[in-house]
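Presented below is the structure to which this report refers.
The values are calculated or read from the model by the stated rules, or taken from the named source; none is laboratory data. Everything numeric in this text was worked out from a predicted model, so none of it was measured. For neighbour counting, all protein chains shown are included, and Cβ atoms are generated from backbone atoms with ideal geometry for every residue, glycine included.
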Amino acid sequence: MMDLLNSGGGFMYVILATSIGALALFCERAYFLFKKMNLNMDAAFSRIAKLLERANYRAALQEVNTIQQHPMGRVLKSGLLKSGKRDKDIEQAMQEGILREMPLLKVRINYLSMFANVATLLGLLGTIVGLISAFAGVADASAAEKQTILAAGISVAMFTTAFGLIVSIPSLVGFYVLNNRSDKIIEKMDEKALSLFNILTDLKREK
């Protein structure tokens, strides 16, 4: 491994540091979005809806309190607490709740895209520096040394390019995986907030 890094010059170590940062970020965000946010939102909402169908607001609120660690639970709670208010107040409370939760689900994900771009650009920069040093060395070298110097410079250029892409591609894939996961959670929250709004407004009209 060290021989490979040394073959690409100093830029290889910078790209390696970028890859460590990208991997650490992906693992932290993946754990949060796939493990901590792993809630069957359909089943959880179904239990709340059944309680509301019997106009049991207290039990529904208690059920929501059991899933407060999830953004959907907090959004639904904000709507339930406004159940006696105007329809517009209920809708506004849940929309504000969703807007509060969205940054928590999206936080730091964009950095993966940044790491991917940085790794690619570092690889390109290492390529340019390697080629510059190769041609500069060839200009001052003897005929016997030219081939060795040129080969060494091109080797540095190719290693940094390849390593930059090796880091960049998985970082981009990780970005889209995490971004899609957060989007799905937000879409499901929107859906359940609308469903709760419809249930609460229907119950008010039945009174």
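The single condition among (1) free of Cβ contacts under 8 Å to residues at least 40 places away in the same chain; (2) surrounded by 20 or more Cβ atoms within 10 Å (Cβ to Cβ) that Leu178 does not meet is (1). Looking at (1) touching a residue at least 12 places away in the same chain (Cβ under 8 Å); (2) part of a helix (DSSP H, G or I); (3) farther than 25 Å from Thr18 by Cβ, can you tell me which one Ser83 breaks? Failing condition for Ser83: (2). Checked against (1) under 19 Å from Gly21 (Cα atoms); (2) without any contact (Cβ under 8 Å) to a residue 60 or more places away in the chain, Pro103 passes all but condition (1). Flag: Arg86 does not match the condition of being surrounded by fewer than 14 Cβ atoms within 10 Å (Cβ to Cβ) and closer than 30 Å to Tyr31 by Cβ. Filtered by the rule that a residue be at pLDDT below 85 and either under 19 Å from the mean Cα position of the chain (by Cα) or among the charged types (D, E, K, R) (or both), region 96-148 gives Asp140, Glu145, Lys146. Residues that are part of a loop (DSSP other than H, G, I, E, B) and farther than 26 Å from Lys184 by Cβ do not occur anywhere in region 36-45.
Among the residues making up region 46-78, a single one is surrounded by 18 or more Cβ atoms within 10 Å (Cβ to Cβ), outside any helix (DSSP H, G or I) and either on the phi > 0 side of the Ramachandran plot or among the hydrophobic types (A, V, I, L, M, F, W, C) (or both): Ile67. May I ask you to list pairs of residues, at least six apart or on different chains, whose Cβ atoms are under 9 Å apart, with the first in region 157-170 being within 8 Å of Gly123 (Cβ to Cβ) and the second being of a type outside the set (A, V, I, L, M, F, W, C) and surrounded by fewer than 18 Cβ atoms within 10 Å (Cβ to Cβ)? From region 157-170, the pairs are Ser168/Asn117. Being over 20 Å from Met114 (Cα atoms) and assigned to a helix (DSSP H, G or I) is a condition met by no residue of region 15-26. Taking residues in region 23-40 that are at pLDDT 95 or above, and partners anywhere that are hydrophobic (A, V, I, L, M, F, W, C) and outside any helix (DSSP H, G or I), the pairs with Cβ atoms closer than 8 Å and at least 6 places apart or on different chains are Arg29/Ile109.
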